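Undergrad: The structure follows.
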Amino acid sequence: KKYRENNKEYFKEYVKQWREENKDYRKEYEKQWRENNFHNEFNRRNKRRIKLENQGRGITKEQWLEMFKFFDFKCAYSDISLGYKENRSIDHIIAIDNGGLNEPWNCIPMVKSYNSSKNKRVDVLNWYMEQEYFDIDRLNKIVEWQIYAYEKWGGEEFGELILITDLFEEK
């Protein structure tokens, strides 16, 4: 193993050359693998989509646009403009993996890199309060959005509304 680590460049070049020389073999092997493992490949590629479908109705284009307008096309947490598609994402306040719903009142616009740093945190309020861009007015605006969206598109079938301010964990 150490030999391989000490000769990374050699092995990198070797693998590159092998792949180049064996394109047809690799192509046929991958084709066979996909045919024999279709269900695994489908599930792997669609895992998040399937999870989202099982976690609420989803957010429509109109709801998405209304949400972005509500936050003036800025990150709900930091107030940074989200004009570029590469820079923006939708944050699920309660992560889908933690049982959050894929519904408008659980979604807010967010800078993509901040969303990555938040990850699947359960203690979202703690996370936000630790950030240098924390602002009480923006926190209130997030709560305002959650209440507005829940009253407009929610219902009894979704249970009680969980606000971001309810997600504080004592340390």
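The values are calculated or read from the model by the stated rules, or taken from the named source; none is laboratory data. Quick caveat, the model's predicted, so the values are computed rather than measured. Areas reflect the complete protein model, heavy atoms only, side chains present, ligands, DNA and RNA absent. Shrake-Rupley method; radii C 1.70, N 1.55, O 1.52, S 1.80 Å.
Undergrad: As a quick test, which of the pairs LYS16/LYS85; LYS61/LYS112; LYS2/LYS31 have an alpha carbon distance above 27 angstrom in this structure? Write down the numbers at each step before the final one.
TA: Working: LYS16/LYS85 34 Å; LYS61/LYS112 19 Å; LYS2/LYS31 34 Å.
Exceeds cut-off: LYS16/LYS85; LYS2/LYS31.
Undergrad: Further question: Would you please give the residues with an amide H less than 5 Å from that of ARG88, counting only those at least 5 places away or on a separate chain, with H modeled from the backbone geometry?
TA: So ARG88 has HN proximity to LYS112.
Undergrad: Mind checking which aspartates and glutamates have their Cα closer than 13 Å to the Cα of LYS152? Skip sequence neighbours fewer than 8 apart in that chain.
TA: GLU62, GLU66, GLU103, GLU144
Undergrad: When the accessible area of the stretch 108-171 is split by element with a 1.4 Å probe, what percent falls to carbon and sulfur?
TA: Working: 1870 of 3890 Å².
With neighbouring chains kept in place, the figure for the stretch 108-171 is 48 percent.
Undergrad: So, for the stretch 95-171, what is the accessible surface per residue at a probe of 1.4 Å, expressed in square angstrom? Could you put the intermediate results ahead of the total?
TA: Working: 4200 Å² over 77 residues.
Accessible area per residue, the stretch 95-171: 55 Å².
Undergrad: Roughly speaking, what is the centre-to-centre gap between the stretch 6-21 and the stretch 75-113 when only Cα atoms are used, to the nearest Å?
TA: After rounding, the separation between the Cα centres reads 41 Å.
Undergrad: Mind listing the long-range amide H neighbours of LEU82? Cut-off is under 5 Å, sequence gap 5 or more, other chains count too, H placed in the peptide plane at 1.01 Å from N.
TA: Excluding prolines and chain starts, which carry no amide H, the hits are LYS74, CYS75.
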